[in-house]
1. Report yes if PRO333 is surrounded by fewer than 23 Cβ atoms within 10 Å (Cβ to Cβ), within 16 Å of ligand 1 (Cβ to nearest atom) and of a type outside the set (A, V, I, L, M, F, W, C), otherwise no.
2. Would you check which residues across the stretch 212-226 are over 13 Å from ILE303 (Cβ atoms) and in contact with a Pro (Cβ under 9 Å, 6 or more places away or on another chain) and list them?
3. Residues in the stretch 136-143: is at least one assigned to a helix (DSSP H, G or I) and in contact with a Phe, Trp or Tyr (Cβ under 7 Å, 6 or more places away or on another chain)?
4. Filter the stretch 347-365 for residues that are within 13 Å of ligand 1 (Cβ to nearest atom) and out of contact with any Lys or Arg (no Cβ under 8 Å at 6 or more places or on another chain) and give the result.
5. Counting only residues that are away from ligand 1 (no atom under 15 Å from the Cβ), give me the helices (runs of 4 or more DSSP H) lying completely in the stretch 374-487 with at least 3 of them.
6. Please enumerate the residues belonging to the stretch 389-401 that are away from ligand 2 (no atom under 13 Å from the Cβ) and surrounded by fewer than 24 Cβ atoms within 10 Å (Cβ to Cβ).
7. Out of the stretch 34-57, which residues are surrounded by fewer than 24 Cβ atoms within 10 Å (Cβ to Cβ) and in a helix (DSSP H, G or I)?
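Computed from the coordinates by the stated procedures, all read-outs in this text should not be read as laboratory data. Predicted model, so just to flag it, every value in this text is computed and none were measured. Here the Cβ is made from the backbone with ideal geometry for all residues, glycine too, and neighbour counts use every protein chain on show.
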Amino acid sequence: MNGAELMVQTAAAAGIEVCFTNPGTTELPLVEAFDTVEGVRPVLGLFEGCCAGAADGYARLTDKPAMTLFHLGPGFSNAIANLHNARRARSPVLNIIGDHATWHQDADAPLTMDINALARTVSGWTRTGASIEALSRDTAQAIAAAREGCVATLIMPHDIQWSEISHQVIHRVEQAATLVDVDLIKHAANLLRQSEAAVMVLGGRALRQEGLKTAARIQNKTGCALLSETFPAHMARGAGLPAIERIPYAPTAALNLLSQYDSIVLAGAKAPVAFFGYRNGPSRLLTADQKSVDLEMMGSTHIQISLESLADALDAPQSSKIGGNASTRIIRPKPQSGSLTPKKIGAVIAALQPENAIVVEEAVTSGVGYYGVTSAVPPFSLLTLTGGAIGQGMPCAVGAAMACPDRPVIDFQADGSAMYTLQALWMQAREGLNITTLICANQRYRILEAGIAQTGNLSPGVYTRSLTDLSNPSIDWVDLSKGMGVPAVSVETVEELTRHLGKSLNEPGPFLIEMRLG
Ligand SMILES: Cc1ncc(C[n+]2csc(CCOP(=O)(O)OP(=O)(O)O)c2C)c(N)n1
Ligand SMILES: [Mg+2]
């Protein structure tokens, strides 16, 4: 057995099932190992950002790592933006990066880069494989680290992949013990009991069905409010679940909302900060006179266990009653008619999305009308852009569909963002994935136009306008999509959108709808 086979066998034994890859010469032993060792299915992505986004999407649905395989520093660099989003989502990802043979690294061959430096910016765990003897242990430790909710990067020199080993041991992944800090839980319980106006800010895995239900127990007992972090990685939403407001993206609105509370319990969320620092604007959104406690202060990733401990510490009954303004009745918006607007699009999706759908939302400014009308639709999963690096939605949908082949996936997608990783369409066609892509074709970077107007510049110059305009030439999404094997139509009205979306959701395989917006 060679090093590459040993690595793949260790990953397969740890339950890794899929590898999103764009390989090169320094990964060829690993490429061949997928044929000689059973268990890990390789999936080709034509751009590394698609592989990284797919691994993120897969992790958000399964809570287990997919493997990625990248070609030295240059290949890995292409993946970094979406690995950054994965890091912000706290998605488990096992990155393998091939490197030159150990004895060739000093030669400064053309592809040589400082991979370690690149890896550290997005990885919670990084190691360079030093020997074939240590390789299985290195792999198992990388997987253990990833499972705690991070990107774990193992750099594998070419010669370690091709070396032979005769007495190999397959290392098992050791599960970290679950830690609950009893004092911290007591402290949080006291804060919720004593405060006049408390809020729990939920994030990460606290936004899944179990987390929301436990949060509702705490809400029912203490009367605290519930909020979500602005950009959830995977939120369970819909009828039967507490309807949770997201902390607004705009800092002033966020500050207004958060200032209503004297006490804040962070449950899987970071202390909220402004997305950008604006002139005279705030940076941190909690003030010194607000009391706060972070349930993850001890570094525990098991937020569900912390939440349950908190609910128990408060003697919160295990009631069937759900918290706040939750509705058990299904309520869907009624779509309007005529030419499309962002608000009307949101209503059409909420009106049609099937129970158990996965909605990947990277609609940017066209997303405005969607979230608010989905609190009582049939339960579904909402995945959003956690790290602000656009180009995540298309490949995230690929990973989500691969993780859950029986669930319909809707990618609600802004056009400018989609152009970064449109090769994901080819993956959808090749893998026959059940994804409907809805492109919000406003043919511009509308959010940047709005940002420019907000600074008071109401007559931007010709260069400023050219840097936010995508209409010259206009992008033909139907041709692009068909060119990569995904059937597509273009629509301009609510009626057309309703018809094509309804049809696509009832048919297997990928489909793209270009929604032309004025
Ligand atoms: C990787 C990356 N590059 C650039 C940006 C800056 N940026 C933020 S939004 C945006 C344009 C978004 O346009 P689009 O996706 O069409 O959405 P719209 O604003 O039209 O709704 C850009 C370029 C970013 N956030 N991430
Ligand atoms: Mg746009």
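1. no
2. The answer is LYS213, ALA216, ARG217, GLN219, ASN220, LYS221, LEU226.
3. yes
4. Scanning the stretch 347-365 gives GLU361, GLU362, ALA363.
5. Correct list: 393-403, 424-431, 477-483.
6. ALA389
7. PHE34, ASP35, THR36
One line per residue, one yes/no per condition, for (1) over 26 Å from ASN22 (Cα atoms); (2) within 14 Å of ligand 2 (Cβ to nearest atom); (3) β-branched (Val, Ile, Thr); (4) out of contact with any Ser or Thr (no Cβ under 9 Å at 6 or more places or on another chain):
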| position | (1), (2), (3), (4) |
| --- | --- |
| MET427 | no, no, no, yes |
| THR437 | no, no, yes, no |
| GLN443 | yes, yes, no, no |
| GLU449 | yes, yes, no, no |
| PRO460 | yes, no, no, no |
| TYR463 | yes, no, no, yes |
| ASP479 | no, no, no, yes |
| ARG499 | yes, no, no, yes |
